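First comes the structure, then the notes that go with it.
The values are calculated or read from the model by the stated rules, or taken from the named source; none is laboratory data. The shown structure was predicted, so the numbers you read here are calculated from the model rather than taken from an experiment. Ideal geometry is used to build each Cβ from the backbone, glycine not excepted, and the neighbour counts take in all protein chains shown. Ligands, DNA and RNA are excluded from the accessible area calculation, which covers all protein heavy atoms including side chains. Shrake-Rupley method; radii C 1.70, N 1.55, O 1.52, S 1.80 Å.
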Amino acid sequence: MAGIRVTKVDWQRLRNGAAHHTQEYPCPELVIRRGQSFSLTLELSRDPDCEETLIFTVETGPRASEALHTKAVFQTSELDGGEGWTAAKEAQMENTLTVSLTSPPNAVIGRYLLSTRLSSHRKHSNRRLGEFILLFNPWCAEDDVFLASEEERQEYVLNDSGIIFRGVEKHIRAQGWNYGQFEEDILNICLSILDRSPSHQDNPATDVSCRHDPIYVTRVISAMVNSNNDQGVVQGQWQGRYGGGTSPLHWRGSVAILQKWFKGRHKPVKYGQCWVFAGVMCTVLRCLGIATRVVSNFNSAHDTDQNLSVDKYVDFFGRTLEDLTEDSMWNFHVWNESWFARQDLGPSYNGWQVLDATPQEESEGVFRCGPASVAAIREGDIHLAHDGPFVFAEVNADYITWLWHEDESRERVYSDTKKIGRCISTKAVGSDLRVDITGLYKYPEGSRKERQVYSKAVKRLFSVEASGRRTQIRRAGGRCLRRDDLLEPATKPSITGKFKVLEPPMLGHDLRLALCLANLTSRAQWVRVNLSGATILYTRKPVAEILHESHTVRLGPKEEKRIPIAISYSKYKEDLTEDKKILLAAMCLVTKGEKLLVEKDITLEDFITIKVLGPAVVGVAVTVEVTVVNPILERVKDCALMVEGSGLLQGQLSINVPTLEPQERTSVQFDITPSKSGARQLQVDLVSPHFPDVKGFVIIHVATTK
């Protein structure tokens, strides 16, 4: 009988794509998820004999082998089942055979080659059928990345846009971000990120064999999204100077960044800051099939020496002494959470895992962070892998202020020690609302349970047996901080102080505030108030001083007084960074030697509105109207609107804005033609060389037909 051969393969893209929730990927290859069957129809040169079976081979990566689980050989059977790869006949007609192939739920993810031969053709080589891409599967209960809620899967795996929360604790602002995981080439780029990792370059076969494990894959991606140790995607820059690259605030999504890295032959893209690293990592992990979200932590500690204390050294005007202060508290910091099981730790630590691609500290010699179990952080189990002490400190460290004297002695100043880790936020499932998830990371601030967890973490951190670290840490001034230092409170002063904003702090306007002081005693007190103010980066690093003045105030028994503060636009306009942030400080020196530090972070507000003038339908042009205001008291030209949105327009759109008189309001209209249905995010930024970008976004619900 003549030999039988496969003459044609139908990958059944529509059927498989719908079943595997992968129909949005525009790849030439079939994209499927592990632990779930997919169907192929093979056209044969003749009908196979009843005793003939098809033998399939799947292989991924270099030097694929069954020992490394990067290769599997299996044959069709009438029964579906088995622990490894399986194949079953679905239907057989004249010269055609439809088979169902199933991968194990712990299969290695990546690009596979599929080939086949007939069982009767032992001497013949395999017939190559083609390539497919296998992803993690949050819909499969046996997969470590399984997520039970369909609403959460839609949000954290399939939503290609989102919101990143920035600003300060008292004034949180939403910024749109285009993840774009289904855009052209993005899946291929995400797989290439894995292949560019140092572990793959060192031992590619072993590296690929580890890609069944979400712990391993997310840790690799955490390192590769930054460029500090490798040919990673994004280069960080926190100095406010972005020559030769793009300011972090000018990015509106991940797609342009990933495409630039790939087309530039893996040269790091300049520049990123924390929300950019988090946005890019969210794109990569959602693209690979791991449920991922972006999380913002306000008043986020960067505890350089991991002693669970952020120690800030200031002068008599409350100004940070940069040379002495190693730790820092950022206005906000953005990281990721991904959902998967922790087979290495046990089921108590399954669920959300912190991952942070921002290069802050090295982890096992590489700039990366996580995965750290959120449940472990909440319980103070910081000894568990990975990077628990650093993440715990980001949300729990005590904020301690030291006044530095000329004789190099220091004195603890009363301030809010519990300001770290506030308003931990993420986008709500299915809406643009902000959800406060602080309770997932720690017990209520100041509660007995929260203090117990903090003490437990301190003991674990300083235990040589548990962590191998020394029990004391040398700090500025040559003094060592011991464990007991971290638990002793500062003396509470007999006055209180608080900054109050008298008018909304608008970009381009003068600032009007007051320092409100209150005497808590029944006796009169004199207070010396040293005020300072500076423009800052979002890391709270000062850029330029804009306020420096002193007042002496007499407070009668139980009296309250206000000290008015005015900062003109001319004072701050030259030194305001794109973060649009100002830090005010008041060092209050009370009669009996008591000292109180009061601080206020301010983000300047701006204005932009976006309206869609009519129903949005796939393939039909619709007009968008954007209204902007020149925020400054000067005539400006060379302004433009930068527009972006997956499924709404191809790439980025630049629209010139006419010359704007001081504080003039104007509207600009343009058309977009949606290409995809559903909720779509349109981002519009007003860009000008005369003031920081004004950012806005709107969600557009696109219908398939009118």
Query raised in the report: For the range 513-669, which whole percent of the accessible surface, found with a 1.4 angstrom probe, sits on carbon and sulfur atoms?
Result: 48
Requested in this report: May I ask for the Kirkwood hydrodynamic radius of the range 365-443, worked out over all distinct Cα pairs and given in angstroms to one decimal?
Outcome: 15.0
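Please work out the FRET efficiency for the pair Asn106 and Glu169, using the Cβ-Cβ distance as r and a Förster radius of 51 Å; give the result to the nearest 0.05. Intermediate values should be presented prior to the final figure.
Working: r = 42 Å, r/R0 = 0.82.
For Asn106 and Glu169, the calculated efficiency is 0.75.
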Report summary line: With only helices counted (DSSP H, runs n ≥ 4, each -39500 (n - 2.57)), the per-residue ellipticity at 222 nm for the chain, to the nearest 500, works out to -4000 deg cm²/dmol
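Assigning unit charges at the beta carbon (Lys, Arg +1; Asp, Glu -1) and nothing else, what dipole magnitude in debye, to the nearest 20, does the chain show about its Cα centre?
1240
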Query raised in the report: Can you give the accessible area per residue of the chain, in Å², using a 1.4 Å probe?
Result: 41
**Report entry** In nm, spacing of pseudo-spin labels at Asn656 and Glu43 (7 Å Cα→C-beta vector)
**Finding:** 5.5
Query raised in the report: How many angstrom lie between the C-alpha centres of the range 494-555 and the range 630-706?
Result: 37
**Report entry** Entries of Lys580/Lys611; Lys427/Lys637; Lys500/Lys541; Lys260/Lys637; Lys459/Lys500 with Cα pairs more than 32 Å apart
**Finding:** Lys427/Lys637; Lys459/Lys500
Query raised in the report: For the range 193-235 and the range 388-416, what is the separation of their C-alpha centers, rounded to whole Å?
Result: 36
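Just check the range 485-565 against the gyration tensor rule for me: Cα atoms, a ≥ b ≥ c as the square roots of the eigenvalues, rounded for a/c under 1.5, and otherwise prolate or oblate depending on whether a/b exceeds b/c. Present the calculation step by step, with values, prior to reporting the outcome.
Numbers: a/c = 2.30, a/b = 1.37, b/c = 1.67.
Oblate, since a/c reaches 1.5 and b/c is not below a/b.
How large is the translational diffusion coefficient of the range 263-350 in µm² per second when you combine the Kirkwood radius over alpha carbon pairs with Stokes-Einstein at 4 °C and 1.567 mPa s?
Working: Rh = 16.2 Å.
It comes out at roughly 80 µm²/s.
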Report summary line: Here the gain from full extension of Ala566 to Glu605, 0.36 nm per residue of separation minus their alpha-carbon distance, amounts to 12.3 nm
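Using the 2.2 N^0.38 Å rule of thumb for compact globular proteins, work out how the range 96-245 stacks up: its C-alpha Rg over that value, please. Write out the running numbers ahead of the final one.
Numbers: Rg = 20.4 Å, N = 150, 2.2 N^0.38 = 14.8 Å.
Cα-based Rg divided by the globular estimate yields 1.38.
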Report summary line: Stokes-Einstein, Kirkwood over Cα pairs, the chain, 10 °C, 1.306 mPa s; D in µm²/s equals 56
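Dividing the convex hull volume of the Cα atoms of the range 298-429 by its residue count, what figure in Å³ per residue is obtained? Intermediate values should be presented prior to the final figure.
On the way: hull volume 16.3 nm³, N = 132.
Per-residue hull volume (Cα only) is 123 Å³.
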**Report entry** Whichever lysines have a C-alpha closer than 29 Å to that of Lys8, once near sequence neighbours (fewer than 8 apart) are set aside
**Finding:** Lys71, Lys89, Lys123
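Ordering Tyr156, Tyr349 by accessible area with a probe of 1.4 Å, largest first, what comes out?
Values: Tyr156 10, Tyr349 45 Å².
Greatest to least solvent exposure: Tyr349, Tyr156.
Take the solvent-accessible surface of the protein heavy atoms, probe 1.4 Å, and return the percent of it on the range 301-348 that carbon and sulfur atoms account for. Show your work: numbers first, answer last.
Values: 820 of 1540 Å².
The computed percentage sits at 53.
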Query - For His69, solvent-accessible area (1.4 Å; no DNA, RNA or ligand), Å² - result: 140
Query - Spacing of the two label points (7 Å from each Cα toward its C-beta) at Asn126 and Arg665, in nm - result: 6.7
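So for the range 2-101, Kirkwood radius off the Cα pairs, Stokes-Einstein at 4 °C and 1.567 mPa s: how many µm² s⁻¹?
Working: Rh = 14.9 Å.
Once the numbers are plugged in, D ends up at 87 µm²/s.
FRET efficiency for Lys592 and Asn229, Cβ-Cβ distance as r, R0 = 41 Å, nearest 0.05?
Numbers: r = 53 Å, r/R0 = 1.28.
Taking R0 as 41 Å, the efficiency between Lys592 and Asn229 is 0.20.
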Query raised in the report: With every protein chain left in place, what is the accessible area of Thr591 in Å² (1.4 Å probe, nearest 10)?
Result: 90
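Please compute the contact order of the chain in relative form: average sequence separation of alpha-carbon pairs under 8 Å and at least six residues apart, divided by the residue count, as a percent.
Numbers: 1724 pairs, mean separation 61.7, N = 706.
Result for the chain is 9 percent.
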Requested in this report: Arrange the residues Leu641, Leu345 by how much accessible surface each exposes, largest first, with a 1.4 angstrom probe.
Outcome: Leu345, Leu641
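Would you mind giving the average projected area, over all directions, of the Cα convex hull of the range 566-706 in nm² with one decimal? Write out the running numbers ahead of the final one.
Values: hull surface 45.4 nm².
Quarter of the Cα hull surface area: 11.3 nm².
Using only the heavy atoms of the protein chains and a 1.4 Å probe, how would Ile699, Ile221 rank by accessible area, largest first?
Values: Ile699 45, Ile221 0 Å².
From most exposed to least exposed: Ile699, Ile221.
With Rg and the Kirkwood Rh both taken from Cα atoms, where does Rg over Rh land for the range 645-706? Provide the component values of the computation, followed by the final result.
Values: Rg = 14.1 Å, Rh = 13.6 Å.
Here Rg/Rh amounts to 1.04.
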Query raised in the report: Just the accessible area for Asp344, please: 1.4 Å probe, Å², rounded to the nearest 10?
Result: 80
Query raised in the report: Hey, how many Å between the Cα centroid of the range 586-629 and the Cα centroid of the range 26-89?
Result: 54
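Rounded to the nearest percent, how much of the accessible area of the range 1-112 (1.4 Å probe, protein heavy atoms only) is carbon and sulfur?
Numbers: 2790 of 5530 Å².
About 50 percent, which is the carbon plus sulfur part of the accessible surface.
Once the piece of chain linking Ser348 and Arg554 is laid out straight, how much longer is it, given 0.36 nm per residue of separation minus the C-alpha distance between them? Walk me through the numbers before you get to the answer.
Working: separation 206, 0.36 × 206 = 74.16 nm, distance 5.66 nm.
Additional length available on full extension: 68.5 nm.
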Query raised in the report: In the neighborhood of Phe136, defined by Cβ-to-Cβ distances under 13 Å, what is the net charge if each Lys or Arg adds +1 and each Asp or Glu adds -1?
Result: +1
Query - 21 Å Cα-Cα threshold exceeded, pairs from Lys418/Lys573; Lys456/Lys492; Lys170/Lys573; Lys418/Lys449; Lys571/Lys600 - result: Lys418/Lys573; Lys456/Lys492; Lys170/Lys573
Report summary line: So, with points 7 Å from each Cα along the Cβ direction, the Ser431-Lys8 label distance in nm works out to 5.1
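Using the Cβ atoms and a cut-off under 11 Å, what net charge is assigned to the surroundings of Gly180, where Lys and Arg are +1 and Asp and Glu are -1?
Numbers: positive: Arg252, Arg286; negative: Glu24, Asp160, Glu183, Glu184, Asp185, Glu644.
Its environment carries a net charge of -4.
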Query raised in the report: Beyond 17 Å, what share of the Cα-Cα pairs of the range 286-329 remains, rounded to the nearest whole percent?
Result: 52
